[in-house]
Amino acid sequence: MNTVSVQNVSMRFGDFTAVDDVSFTVADGEFVTLLGPSGCGKTTLLNVVSGFLQPSAGKIEIGGVDVTFVPPEKRDTAMCFQSYALFPHLSVAENLQFGLKQKRLPAAERKQRLNDVAEKLDLVAQLEKLPNQLSGGQQQRVALGRALTMRPSVVLFDEPLSNLDAKLRESVRLEIRKIQADYNLAAIYVTHDQGEALAMSDRILIMRNGKIEQSGTPTEIYNFPQTSFVADFIGDANILDATIIGQESEDFWRVSTEIGELLVKSDTPPIAKRLKICWRPENAQFGAGEMNSIEAPITHRAFQGNYTDLFIEMNGVAQRVQWRRSHLEDITSLSMNIRPEDIIFLEAMT
Amino acid sequence: MKRFSLNKMLVWSLFGICVLWLVIPFTLAILWSFVDPSEPWTPDHLLPPVMSFARWEYLWEHSSLKVAMLNSYLLAPSAALLTLTLAMPTAYALGRLHFKGKEAVKLLVLLPLVVPGFVTAIFFTAILFQMGLHAWRFGAILFAHSILFLPYAIRIMSVSFEQVRQNHIDAARDLGATPFARWKVAYFPALKPGVMATLLIVFIYSIEEFAIAFIVGSPNFTTIPTLLFTNLGANFIRPNAAVISLILVVPNVVLMLFLERLLKSANPALSSGKG
């Protein structure tokens, strides 16, 4: 069953269209991420779902009920704010119970829910403290706990990890996912961090200029980007202009590019004669191969720890190769090949 | 080393200023208020030759001091509350809403402060009497004080309203808070210091205000300052004036210390962890 259903939602501010005819659904227990660069409309869309904004057009349903014009205080959603938005003069326990008191739940039930959430989020020792006595990670957990005590149909996350340092982010990331699964909650998560999106999501919606550019599971999005924007935004990609020369066999096409002729294996046919193609830097194969062999001088390199970024140049086009081996210091040119199945057809050239 | 001596210099000059502006006038006022009518305090004595509470008793019994105190201490808190209430809508607009020409409005609101009190008083009185408030002097002065001190209140409260964080309001709403609950949890903690400061400032200004209280109130309605000024005029008796000025000032100091403590403990709203 779909917990949240967003239907043809648009949000305009004067002449500016922040969200442009977007539709998607979130199922029970599903974790959906809205991913995109700043200004792509993802936060606006989240505010429409939470009720802080009323869409210029379209409809929002939660649990099958139309809530398009229901204000946030009456909507069965709970938001985790980017800056946590904990009430600074209330203790952790009071913060966690705030929503329950608004609902006028009996004290016994409040206590039971408070204990439940405090235990799950490891906040039992912090209950009497004020928010500013907690670390960033603990504050984040209180914010999450405050949303969870409401037992909402859907939890909304507005870049909740952007204020945490990198190490902490990874652990809180796992924690959020675990608790979301424990409660079998539908979740909509907004971020601009592709790592977060890939690691946490059941499904990713990539947004650009107020529209959904592509949606799919993290592996689908990573392995089969449909546009150069998606290919570039998720992971690293070498994007080339290509012209189809001919079809070799059922799944194989020959294309001509700035770096030479390449053989491409694709289940889906190219959508135009002239189009963009891409390949991932980590998919380069060492040494000359039977096809798609490339030999080029290395222009610069960047050691990244577990791999090295090598930049090669062919016919004036820079390509990036990621090599998972050390001792690359003395080589000045690279001989490599790209397997046909590692090259992906993208959008048509305009 | 250099910094240390600079600090020391600043501390000593602060001390000097305190002595000059506070300790000396206060001590003199206290001493003068104790001068017994039987023997004057002449310059050849370091201390008054005979000291007693005679002046205090005399003024308490034989002047309109009691009435003046009652008037002043009813007027000042009323003016403080009324001013705060009147300032709220404008302060809210200046602090929380976005509109064109907001900066101009902010300046406009402060403009009345540049006009000298007496000038305002003289012409304001005319308006008050036209409004029919001459029959109710207390109300006229209360209204006038509220209008006069409104710029301060609006200024302080609009800064306070700016301190209210939108995401606290949003979080409260998201958790199902009614407008009143939202006010209590998101607005009030951030506004509290501003409310205290406004009440304090208007209270003190109102209790010390002379021009309007004198022009509107005279001759029947006395406040502590008007009583003080009548004791400064033709029948100037320094010991009596000393008594009245002490009565005028001491409660203010007490109140200020009290509110200062409140302010110190108040504002956790500004110390939330992040963002």
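The values are calculated or read from the model by the stated rules, or taken from the named source; none is laboratory data. Computed from a predicted model, the values in this text were never measured in an experiment. Heads up, the Cβs are rebuilt from the backbone with ideal geometry, glycines too, and the neighbour counts pull from every protein chain shown. The accessibility values were calculated without ligands, DNA or RNA, using every heavy atom of the protein model including side chains. Shrake-Rupley method; radii C 1.70, N 1.55, O 1.52, S 1.80 Å.
Mean separation of Cα pairs under 8 Å and 6 or more residues apart, divided by the residue count, gives segment A:38-102 a relative contact order of 22 percent. Given the whole protein assembly as supplied and a 1.4 Å probe, what does the accessible area of A:I331 come to in Å², nearest 10? Accessible surface of A:I331 is approximately 50 Å². Rolling a 1.4 Å probe across the protein heavy atoms gives segment A:2-228 an accessible surface of 40 Å² per residue. Averaged over the residues of peptide A:49-61, the number of Cβ atoms from other protein chains lying within 10 Å of each residue's Cβ is 1. Solvent-accessible area lost on pairing A with B (1.4 Å probe, both sides summed) amounts to about 2100 Å².
Centre-to-centre, using Cα atoms only, segment A:248-287 and segment B:200-215 are separated by 85 Å. A cut-off under 11 angstrom between Cβ atoms defines the neighbours of B:W32, and their net charge, with Lys, Arg +1 and Asp, Glu -1, is +2.
Mean-square fluctuations from a GNM of chain A, with a 10 angstrom spring cutoff on Cα atoms, peak among A:L168, A:L45, A:L86 at A:L168. The mean number of partner chain beta-carbon atoms within 10 angstrom of a residue's beta-carbon across peptide A:148-158 is 1. Helices meeting the span-like rule in chain B (full DSSP H runs, Cα extent of at least 15 Å along the helix axis, mean Kyte-Doolittle score of 1.6 or higher): B:117-130. With a/c under 1.5 counting as rounded, go ahead and sort chain B into rounded, prolate or oblate using the C-alpha gyration tensor (a ≥ b ≥ c being the square roots of the eigenvalues; past the cut-off, prolate if a/b is larger than b/c, else oblate). It is oblate, given that a/c is not under 1.5 and a/b is not larger than b/c. Taking 20 Å as the cut-off, no amide N atom of segment A:118-132 comes nearer than this to a point 7 Å along the Cα-to-beta-carbon line of A:S162. Structure note, pairs A:K59/A:K265; A:K42/A:K111; A:K74/B:K192; A:K211/A:K276; A:K211/B:K106; A:K120/B:K192: Cα-Cα distances above 31 angstrom occur for A:K59/A:K265; A:K42/A:K111; A:K211/B:K106; A:K120/B:K192.
Among the residues of A:70-81, the average count of other protein chain beta-carbon atoms within 10 Å of the residue beta-carbon is 4.
Rounded to a whole number of µm²/s, how large is the Stokes-Einstein D of chain A at 4 °C and 1.567 mPa s, given Rh as the Kirkwood radius over C-alpha pairs? For these conditions, the coefficient is 57 µm²/s.
Per residue and in Å³, how big is the convex hull formed by the alpha-carbon atoms of segment A:150-190?
Output value, Cα hull per residue: 66 Å³.
What part of the accessible area of the protein assembly as shown, given as a whole %, is carbon or sulfur when the probe is 1.4 angstrom? Here it works out to 60 percent. For the protein assembly as shown, the square roots of the Cα gyration tensor eigenvalues, ordered a ≥ b ≥ c, give a/c of at least 1.5 with a/b greater than b/c, which places it in the prolate category. Distant-in-sequence amide contacts of A:C80, defined by a placed amide H-H separation under 5 Å and a gap of 5 or more residues or a different chain, comprise A:L156, A:F157, A:D158.
Loop only per DSSP, at most 10 neighbouring Cβ atoms within 10 Å: give me the trypsin sites (Lys or Arg not before Pro) in segment A:242-350, ordered by residue number.
Listed in order of number, the matching sites are A:R324, A:R325.
Rg then Dmax, both in Å and based on the Cα atoms of segment A:236-348: 14.2, 42.
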